[in-house]
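Remarks on the structure that follows.
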């Protein structure tokens, strides 16, 4: 392995004023630190989110009854277990997830997957969260008298993006130390908001025309797809766990990661659903951000917007941190810090574009559904590979990028991995039902959206079967000498 991958070191006792200079380099056992339980707050801070409130409200708009909405929320959030399962590969390999997936796609194939899939996922989530902060901030500015519909949101986006990039620059050390405090502050703010929302909830809410049959299943499956895209997109979880000692129990990593994302996700998405029962259709058309602030006392509105912005920075800081290492993993000659700046610039541009062309609710529903075509197959194949290998990843082998290396496969491409990812995405697209595109098989079944289960099932099945076929083909033939009679 090249010396450069071992050169940079991070001392756990470094002050927070030191940016993290490490990129995808291997983390030696002597540099490992921390406990699995620290991952809980790392994932809880981003999950205490206005995005969850927005998604919860959108589920009620689809026409489901409250108990059906709650069932969908709980079921979709169980997918956080996959995030935890993937996370255990970080301590095993001692490097980032975008390097570990070389074992799945091959050295060259991984560059294509990370460049396209990884960057798309990062850009979408950066934009969605910055968009939420921008809309909320602009609404608060409008109430204060600053009504410019363009300048306000743009300024907020740029400021929030700049702070987000700073979080990514200071990296893992800052995230692990600060996010527990951030999670606590956000929880208090969002619980206060929940307290003032509850009096407006219509506890006897029922849709004007309760859905039955195919329309009901269409709403349930579309809602599930929107919610599932959240946990399925976090295949970067190894990046946050990679500093843990190699001896850390896998079950502890899975539990801390999954529960950190799952519990706040279930609670605040449910609060969003309850919120929608007290808002009429006309108010919802104006934007959920307006309706939310209208329910809160004057003193809490600014505090809530500050919480939204803090949450946005915490989630996007982690996303930018991960994406900055993706550049390095695909061979771009750039250090992690300038890479983080580039990622922030791309996300800012997409946010401003969406801000000018859509509402928050429309952007969330559309982008999260389309995200399934990428996040579903990549998460499924990563989790399947962790199970197939029993989480045995050799970090040194992952950096052997020349022909003859363990993960060179066929000309740098692992055909089972590439084929599984493509077939998973294509199959899912046939069952997708969104406002932009409806797959032919979804339309034939009455607009039922099975994109998530199809993506997970097809990707995992193809990968397992093709991997076993390829392994069988590589086994040396045993020649038995014939003994003359």
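Put a dot 7 Å past the Cα of residue 306, heading toward its Cβ, do the same for residue 28, and the two dots end up 4.4 nm apart.
The fraction of all Cα pairs in the range 32-370 landing in successive 10 Å bins from 0 to the largest distance is 6, 26, 35, 23, 9, 1, given as whole percents. Centroid-to-centroid, using Cα positions, the range 405-462 and the range 229-278 are 24 Å apart.
Working from label points 7 Å from Cα in the Cα-to-Cβ sense, the residue 150 to residue 457 distance is 4.9 nm. Just to verify a number: FRET efficiency for residue 443 and residue 410, C-beta to C-beta distance, R0 = 41 Å, to 0.05? E between residue 443 and residue 410, to the nearest 0.05, is 0.65.
All of the numbers you see were taken from the coordinates with simple rules; none came from a lab. Everything numeric in this text was worked out from a predicted model, so none of it was measured. Reconstructed Cβ throughout: ideal geometry from the backbone, glycine too, with neighbour counts over all protein chains shown.
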